[in-house]
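The values are calculated or read from the model by the stated rules, or taken from the named source; none is laboratory data. Keep in mind it's a predicted model, so treat the numbers as computed, not measured. As a convention, Cβ positions derive from the backbone with ideal geometry for all residues, glycine included, and neighbour counts pool all protein chains shown.
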Amino acid sequence: MQTLDKEKAVAPFSSGQGRTNVEVPAGACDCHVHVYDARFAPVPDARLLPPDASVDDYRQLQQRTGTDRVVFVTPSTYGTDNRPMCEAIVAYGQGARGIAVVDEQICDAELEALHAKGVRGIRLNLSLGVTNSAQQIDVLAARVAPYGWHLQLLAAPDTLAALEARLLQLPVPVVFDHMGRIAPSLAQRHAAHRLILRLIDSGRAWVKLSGGYIVSEEGPPAYTDIALLARGYLLAAPERVVWGSDWPHASATAGHQPLPDDAQQMDLLAQWAGDSTALRRVLVDNPAALYDYQT
């Protein structure tokens, strides 16, 4: 990666300045990033409409977080239009993967084309999305299973708990982003959290330590309340946890939360992991297994 001058190293859509204090291992992957491009129209009723955020902007952020690899996720803003995500994979080059948003109408040729471009899963956003519904889970999981993909799911805790029987039957792994959308005060108390722990312990699911600033009830600067939640996932299934910045923090730019400091997010991850071996597992080894990277 290119080196930026110190005075130019402040990436857009991130508070704070300077690089993380963590010694980030080579091959570290940021597993949850979105790009936004005004050339592509948002879907009707899209709830998040952030300004443009490009691959070049994201590369500036990497000067602060120290990551090398990235997973671009089609945001709810574009519905099933995966072109911005696919263009980002091409623009980034080696080390990029993608997560698409699809519906039942997608044909096998389109799925094959997405796989060839580096897509390794689909996302259902039942929290802020306006494209998918819980009724599509079984059908879409069956469609992507032959490609070895996973189903990335974002849902409110009550919705997630109601899906327990269906999630236990799926033919693909489930990836819960944004810490399962579990507020720290609900840890161990809500059925959704117990379900996530059960699934990751059984090897049927993964958790992204992303969006901590979204689920935190305490907020900045320390986000102390999410430490126990994050460490709980790491203790339950250390081989089933990955990390994501959630850049460019669309919900924060919309004013729902304070904009996080991404270098600090990496610092917090290192604290949760506890040592360099555990940190490498979360940033390198686990993403390699989930997103089909060569370590």
Scan 55, 119 and give me the residue that is closer than 19 Å to residue 290 by Cα and either surrounded by 15 or more Cβ atoms within 10 Å (Cβ to Cβ) or modelled with pLDDT of 95 or more (or both). 119
Checked pairs for region 162-184, first farther than 14 Å from residue 134 by Cα, second of a type in the set (Phe, Trp, Tyr) and assigned to a strand (DSSP E or B), C-beta under 7 Å and 6 or more apart or across chains, list as 173/206; 175/206
Residue count, region 122-145, condition surrounded by 19 or more Cβ atoms within 10 Å (Cβ to Cβ) and either charged (D, E, K, R) or closer than 20 Å to residue 291 by Cβ (or both), comes to 8
Given (1) under 27 Å from residue 241 (Cβ atoms); (2) outside any loop (DSSP other than H, G, I, E, B); (3) not basic (Lys, Arg), identify the lone condition not met by residue 56. (1)
For region 182-295, list the helices (runs of 4 or more DSSP H) that sit wholly inside it and hold at least 2 residues that are within 17 Å of the chain's Cα centre (by Cα); which are they? 191-201, 212-215, 226-236, 250-253, 262-273, 286-291
Among residues belonging to region 1-30 that are at pLDDT 95 or above and of a type in the set (Val, Ile, Thr), point out the one that is nearest to residue 274 (Cα to Cα). 22
In this structure, does residue 243 turn out to be of a type in the set (Phe, Trp, Tyr), touching a residue at least 60 places away in the same chain (Cβ under 8 Å) and touching an Asp or Glu at 6+ places or on another chain (Cβ under 8 Å)? yes
Report, by residue number, each residue of region 26-57 that is within 18 Å of the chain's Cα centre (by Cα) and among the small types (Gly, Ala, Ser). 27, 28, 53, 54
For residues that are out of contact with any Leu (no Cβ under 7 Å at 6 or more places or on another chain) and in contact (Cβ under 8 Å) with a residue 24 or more places away in the chain, tally how many sit in region 124-135. 3
It is to be established whether one or more residues within region 31-41 are surrounded by fewer than 22 Cβ atoms within 10 Å (Cβ to Cβ) and either in contact with a Lys or Arg (Cβ under 7 Å, 6 or more places away or on another chain) or within 27 Å of residue 273 (Cβ to Cβ) (or both). yes
Residue check, residue 79 on the phi > 0 side of the Ramachandran plot, of a type outside the set (Val, Ile, Thr) and in contact with a Ser or Thr (Cβ under 9 Å, 6 or more places away or on another chain): yes
I'd like the full set of residues that are touching a residue at least 60 places away in the same chain (Cβ under 8 Å) and among the aliphatic types (A, V, I, L, M), limited to region 260-295. 263, 266, 269, 270, 279, 282, 283, 284, 288, 290
If you check 170, 114, which single one turns out to be under 18 Å from residue 74 (Cβ atoms) and surrounded by 16 or more Cβ atoms within 10 Å (Cβ to Cβ)? 114
At pLDDT below 95 and surrounded by fewer than 20 Cβ atoms within 10 Å (Cβ to Cβ) - does that describe any residue in region 264-287? no
